[in-house]
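Notes follow once the structure below has been shown.
The values are calculated or read from the model by the stated rules, or taken from the named source; none is laboratory data. Keep in mind it's a predicted model, so treat the numbers as computed, not measured. Because the Cβ atoms are built from the backbone with ideal geometry, glycine has one as well, and the counts that use them run over all protein chains shown.
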Amino acid sequence: MARKPRIHYQGALYHVIVRGNNRAYIFKSRENKEEYKKIASKYKKRYRFKLYAYCIMDNHAHLLIEVDDIPLSKIMQGIQQVFTQHYNRKNKTTGHVFEQRYKSYLCDKDVYLLSLIRYIHQNPVRSKLAGGINYQWSSHQEYLGNPGLTDINFPLSLFAHHKNKAIKRYLIFMDEMETKEVKSVIKEEEIIEVAKNIERHKMPKNALIKIIEEVTEIKMGKIKGNTKSKRISDIRKLYIKNLKKYTDVPNKEIADLLEIGSSTVTNVLSRRYTENDFIVKSSVEIDKNVKL
């Protein structure tokens, strides 16, 4: 069965993880890490995506990418193929260098951007590598005033408009400084809602709507309002259940979006469905798309 394409829309933010085939140490040498950065830079210019963070470990790498009009699949195909050619040529080998499909998680930029940057930059800390947070092959140093491959301006602007103050607050956010006064300011300004769980990826409402439209093969505009059609009613329930599961949209907004009463939303959310119900079976397909 062919894999479904990853969801694409302009401005989508993805946490991408690439691994060596069979967990091979494809980035172990300095030269290979530099080459991967060089190739990523080449495709960044060609496809105009933003790279907010990266960390290249010995057998895997993390990239935090915001796409423009070119989908993530095309971006990663270019980067992975060119590095594979380089690696095989250098090592006189053939075949797969990476696991056949990289992992990508569609993330809510407004909620998780800074938490994901911290998560990526702290990979060497968790792995107890030399340098810790100052590990040479992550974008952390770029945030301290040495921009190169990474688009640091927008993330830093979430801390403060003045660059030096922003960097100081960034370091506090990375747990590298202890200043209660500044931590208090950051909390008061509500720069970010820190993710309770990085793996809980909330997503933008419009992205989920697109997924549900593809699964049901019907546009959302056609299921709004009251209707006696069971299929339309079931699709509305599908929207309610999954908007609640995958987005931060409140019940009242869900009701307004579907042009139904708030009590209907409450009733749908409180009801349990069997595995044979349309809502459950279709939700399985939606889950697969969200987790591509």
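Here are the numbers for the structure shown:
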read-out: Tabulated pairs, region 119-140, first modelled with pLDDT of 90 or more, second of a type in the set (Val, Ile, Thr) and assigned to a strand (DSSP E or B), C-beta under 7 angstrom, 6+ apart or interchain; value: TRP137/ILE56
read-out: Residue match in region 85-92 (condition: within 30 Å of LEU156 (Cα to Cα), part of a helix (DSSP H, G or I) and of a type in the set (Lys, Arg)); value: no
read-out: Qualifying positions in region 211-244 - outside any loop (DSSP other than H, G, I, E, B) and at pLDDT below 85; value: ILE211, GLU214, VAL215
read-out: Residues of region 122-154 classified as more than 19 Å from SER41 (Cβ to Cβ) and either touching a Ser or Thr at 6+ places or on another chain (Cβ under 6 Å) or not in a loop (DSSP other than H, G, I, E, B) (or both), total; value: 7
read-out: Any chance GLU253 is under 16 Å from ASN206 (Cα atoms) and of a type in the set (Asp, Glu); value: yes
read-out: Boolean, GLU176 is outside any loop (DSSP other than H, G, I, E, B), in the same structural domain as LEU51 (by TED's automatic domain parsing) and either modelled with pLDDT under 85 or among the charged types (D, E, K, R) (or both); value: no
read-out: Number of the exception - ILE75 against (1) crowded, with 20+ Cβ neighbours inside 10 Å; (2) free of Cβ contacts under 8 Å to residues at least 60 places away in the same chain; (3) over 20 Å from LYS33 (Cα atoms); value: (3)
read-out: Some residue of region 49-67 being in a helix (DSSP H, G or I) and either in contact with a Leu (Cβ under 8 Å, 6 or more places away or on another chain) or surrounded by fewer than 20 Cβ atoms within 10 Å (Cβ to Cβ) (or both); value: no
read-out: Conditions (1) without any contact (Cβ under 8 Å) to a residue 12 or more places away in the chain; (2) under 23 Å from the mean Cα position of the chain (by Cα): number failed by PHE83; value: (1)
read-out: Some residue of region 275-286 being without any contact (Cβ under 8 Å) to a residue 24 or more places away in the chain, over 25 Å from TYR14 (Cβ atoms), of a type in the set (A, V, I, L, M) and not in a helix (DSSP H, G or I); value: no
